[in-house]
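To start, the structure under review is shown below, and the notes come after it.
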Amino acid sequence: MSKIAFIGLGNMGGPMSANLLKAGHEVMGFDLVPSALETFAKAGGKVAKSAAAAVAEAETVITMLPAGAHVRAVYAGDGGVLPHARKAALLIDSSTIDVETARFVAKAAAGQGFEMVDAPVSGGVGGAAAGTLTFMVGGSAAGFERARPILEAMGKTIVHAGPAGNGQAAKICNNMMLAIAMIGVCEGFQLAEKLGLDIQKLYDISSKSSGQCWAMTSYCPAPGPVPAAPSNRDYQAGFTADMMLKDLKLAQQAAQAAGAVTPLGAEAAALYQFLAGAGLGPKDFSVMFRFLKSAR
């Protein structure tokens, strides 16, 4: 088993690190939030006093951080990973950040002799707890093969997306498509209600025909048809609307940098931005259905 440093023990990092512990790895963790450290310690993890202390003896370093600025600081800062980790350590960043930052940090790591991969995830908090996440991995083939056994303790599907930054590219493309699909499903079910068509009847038809998509059959935003969906738990967050907005902004930033035309992605970002200001709190991104239902 490996000695692993895990920096960022929040809603995703906490259960991910717990699954590493269950797999028999020795995990040293660090987070700025005391309650996150307490939960980690109760799961059997060893608490470090700083990021530098966490990585000092680690064979693998994993980070799960809120944004690109945090990733740059944790890796390249004076008290961060690159100055203090063992040169043979494998670096895995599972944060969802902009492609530019992912490639910048990977280049900085390579310049100091480290193997690094970007490995953002899909599957939400539920997938993190269940160990069924999908990892989209950017980096060298050698780095991917080194990372695979570690990632398999936290996920079900591990895909090599190509060179550094391509994991992040895959994540934002996937989530832009998801947001667009979710809005379409919400609008379809809203229209069904207005036309007097029973929601279950629409689900029974569309889930077996050309309207079928993951947003409908696995995560139906209308209460009723999919019992496990957040829509049947008052939209208790698995993947929050704010998290979707973050990913849509990253997608638009990447589209502008690459010269790609994404008009529906831009509209989705604008709609989720409006949703963020609607005072609905930390609800699941499928709460778009309830938001549209109340709109006039």
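The values are calculated or read from the model by the stated rules, or taken from the named source; none is laboratory data. All of these numbers come straight from a predicted model, not from anything done at the bench. Positions of Cβ are generated from backbone atoms using ideal geometry, with glycine treated the same way; all protein chains shown enter the neighbour counts. What goes into the accessible areas is simple: the full protein's heavy atoms, side chains included, and nothing from ligands, DNA or RNA. Shrake-Rupley method; radii C 1.70, N 1.55, O 1.52, S 1.80 Å.
Scan (1) surrounded by fewer than 22 Cβ atoms within 10 Å (Cβ to Cβ); (2) within 29 Å of residue 23 (Cβ to Cβ) for the single condition residue 100 breaks and write down its number.
Looking at each condition in turn, residue 100 falls short on (2).
Scan the helices (runs of 4 or more DSSP H) fully inside the stretch 188-296 and keep the ones with 1 or more residues being in contact with a Leu (Cβ under 7 Å, 6 or more places away or on another chain). Walk me through how you get there before you give the answer.
Details: elements: 199-206, 214-217, 241-258, 263-276, 288-294.
Of the helices (runs of 4 or more DSSP H) lying wholly inside the stretch 188-296, those with at least 1 residues that are in contact with a Leu (Cβ under 7 Å, 6 or more places away or on another chain) span 214-217, 241-258, 263-276, 288-294.
Which residue, of 255, 228, is within 19 Å of residue 98 (Cα to Cα) and either open to solvent by less than 20 Å² (accessible area, probe 1.4 Å) or over 18 Å from the mean Cα position of the chain (by Cα) (or both)? Give the derivation first.
Details: 228 fails: within 19 Å of residue 98 (Cα to Cα).
Every option except 255 fails the conditions.
Could you tell me how many of the residues in the stretch 265-286 are of a type in the set (A, V, I, L, M, F, W, C), over 20 Å from residue 230 (Cβ atoms) and either surrounded by 14 or more Cβ atoms within 10 Å (Cβ to Cβ) or touching an Asp or Glu at 6+ places or on another chain (Cβ under 7 Å) (or both)?
2
Just to be sure I understand, how many residues within the stretch 139-168 are open to solvent by 30 Å² or more (accessible area, probe 1.4 Å) and part of a helix (DSSP H, G or I)? Outline the logic, then answer.
Step one: list which residues in the stretch 139-168 are open to solvent by 30 Å² or more (accessible area, probe 1.4 Å), which gives 140-142, 145-146, 148-149, 152, 156-157, 159-161, 163-164, 166.
Imposing the further condition that a residue be part of a helix (DSSP H, G or I) reduces the set to 141-142, 145-146, 148-149, 166.
The number of residues fulfilling the criteria is 7.
Please go through the stretch 22-44 and pick out each residue that is of a type outside the set (Gly, Ala, Ser), open to solvent by 20 Å² or more (accessible area, probe 1.4 Å) and either over 16 Å from residue 81 (Cα atoms) or touching a Ser or Thr at 6+ places or on another chain (Cβ under 8 Å) (or both). Steps first, answer last, please.
Step one: list which residues in the stretch 22-44 are of a type outside the set (Gly, Ala, Ser), which gives 22, 25-28, 30-34, 37-40, 42.
Imposing the further condition that a residue be open to solvent by 20 Å² or more (accessible area, probe 1.4 Å) reduces the set to 22, 25-26, 28, 30-34, 37-39, 42.
Across the stretch 22-44, the qualifying residues are 22, 25, 26, 30, 33, 34, 37, 38, 39, 42.
Return yes when residue 19 is open to solvent by 70 Å² or more (accessible area, probe 1.4 Å), closer than 22 Å to residue 155 by Cβ and either polar (S, T, N, Q) or touching a residue at least 40 places away in the same chain (Cβ under 8 Å) (or both) and no when it is not.
Working: open to solvent by 70 Å² or more (accessible area, probe 1.4 Å): no; closer than 22 Å to residue 155 by Cβ: yes; either polar (S, T, N, Q) or touching a residue at least 40 places away in the same chain (Cβ under 8 Å) (or both): yes.
Judged against the criteria, residue 19 is not a match.
Determine the pairs where a residue that is crowded, with 19+ Cβ neighbours inside 10 Å, located within the stretch 123-138, has a partner that is among the basic types (Lys, Arg) with Cβ atoms under 6 Å apart, the partner being 6 or more residues away or on another chain.
136/171
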